[in-house]
Amino acid sequence: MPATLEVKCTDDDCELDMFEMHYTYDMPDTVSVMDFSCPYCGKTDSLDEIEL
């Protein structure tokens, strides 16, 4: 099963609660949540990984 990364946007002005990214290919170990931007507000510095 592909890996899943759950992410939340912590920007107070952003309406996005959380989203999931499903990897369908091998991601390098160096890739982290900081390599992505929020699909709603577009910011990159306000994303945090949700750890279960």
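All of the numbers you see were taken from the coordinates with simple rules; none came from a lab. Computed from a predicted structure; not experimentally measured. Neighbour counts run over all protein chains shown; Cβ positions are idealised from the backbone, glycine included.
Being touching a residue at least 40 places away in the same chain (Cβ under 8 Å) and in a loop (DSSP other than H, G, I, E, B) is true for just one of Leu16, Leu5, Leu52. Which residue is that? Steps first, answer last, please.
Details: Leu16 fails: touching a residue at least 40 places away in the same chain (Cβ under 8 Å); Leu5 fails: in a loop (DSSP other than H, G, I, E, B).
Step by step, each of Leu16, Leu5, Leu52 is checked, and only Leu52 is touching a residue at least 40 places away in the same chain (Cβ under 8 Å) and in a loop (DSSP other than H, G, I, E, B).
Looking across the range 19-40, the residues that are outside any loop (DSSP other than H, G, I, E, B) and under 16 Å from Glu51 (Cβ atoms) come down to Phe19, Glu20, Met21, Val33, Met34.
For the range 13-52, which residues satisfy the criterion of being among the small types (Gly, Ala, Ser), under 17 Å from Ala3 (Cα atoms) and surrounded by 14 or more Cβ atoms within 10 Å (Cβ to Cβ)? Explain how you work it out, then say what you get.
Going residue by residue through the range 13-52, those that are among the small types (Gly, Ala, Ser) are 32, 37, 42, 46.
From the residues that got through so far, the ones that are under 17 Å from Ala3 (Cα atoms) too are 32.
Correct list: empty.
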